[in-house]
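Down below is the structure, laid out as structure tokens.
What follows draws every value from the coordinates through simple rules; no lab data is involved. All of these numbers come straight from a predicted model, not from anything done at the bench. Every residue, glycine as well, gets a Cβ built from its backbone with ideal geometry; the counts of neighbours run over all protein chains shown.
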Amino acid sequence: MYKMKSDINFSLTHEMLENAENERIHTSYAQEKAILECVSNGDIHALENTYYSLPTTVYGKMTSSNSKLKLLFYASIANTTLVTRYAIEGGLNEETAFSLSDVYIRKMEQCTDVDALMKLNEQMAIEFTLRVAEAKKTPKNYYSPAISRVIDYIYHGKNKTLTLNQLASLVNLTPKYLSALFHKETGQTLTVFIHKVLIEKAKNLLAHSDYSLGEISTYLNFSSQSYFISIFKRYTGITPGQYRKLHRQISW
């Protein structure tokens, strides 16, 4: 243990001397915090102003490789990890945040030049900030334990057909009572709520995947592709195909 600590101290001293000699000083914590707080606040305008007003971010040497692309890739992973945590603190759903982080890190790994990776790194922070801003628009509701459990199950349970009887059994209530209680606490019926959650999942799949409409319909357990299209259009005003054309994520 002592030898390990001694080795770390030696490496730390060498690293700091080398950084000073090469005038390679890390970006300050205050500058980093200023950007991350924009993400947590969901303030896209402040984020853009902060990016343009502060000095260029200087990352540490996280790899022994001399490749600028590899160095930036490791730094981008660290940056994405921090942005993800601050986005969650800002109100973004945890599973959405972690999944979006995985998506961006895989895309970062595929970048073949520094400029593209820098743009992707910036786009990542912007998208997280926009999603936090959207999450903040939704009022925080405090439901009874039974309704909270049902809502959590609808959001995070497996994509299978959800029936009133199944959900009532989950929380040990009669279907009639659960239906009335859900409407009283949320202001909408279970069917409408489930449809809205499925449509949000469909939107993400349409914008960020190459799955066909049939595959998305099956994955979300709609009875048919035509029914999926019908429900999607009812809640969004456009077809899934039109939504994909309008919101397709830019490929890097």
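Annotations for the structure displayed:
- Here the label points at residue 154 and residue 188, each 7 Å from Cα along the C-beta direction, are separated by 0.7 nm in the simple model.
- Ranked 73, 182, criterion: other C-beta atoms within 10 Å, fewest first: 73, 182
- The simple Förster model, with R0 at 51 Å and r as the Cβ-Cβ distance, assigns residue 78 and residue 200 a FRET efficiency of 0.95.
- Dividing the C-alpha radius of gyration of the range 114-252 by 2.2 N^0.38 Å, with N its residue count, gives 1.22.
- For the cross-link pairs 137/245; 184/233; 107/184; 176/245; 33/233, the ones whose C-alpha atoms lie over 32 Å apart are 107/184; 176/245; 33/233.
- A DSSP coil position with no more than 15 other Cβ atoms inside 10 Å describes the following trypsin sites (Lys or Arg not before Pro) in the range 90-151: 140.
- Diffusion of the range 128-209 by Stokes-Einstein, at 4 °C in a medium of 1.567 mPa s and with Rh set to the Kirkwood radius over alpha-carbon pairs, works out to 93 µm²/s.
- Placing dummy labels 7 Å off each Cα toward the beta-carbon, the span from residue 230 to residue 67 is 5.2 nm.
- When each of 124, 118 is scored by the number of other beta-carbon atoms lying within 10 Å, the sequence from fewest to most is 118, 124.
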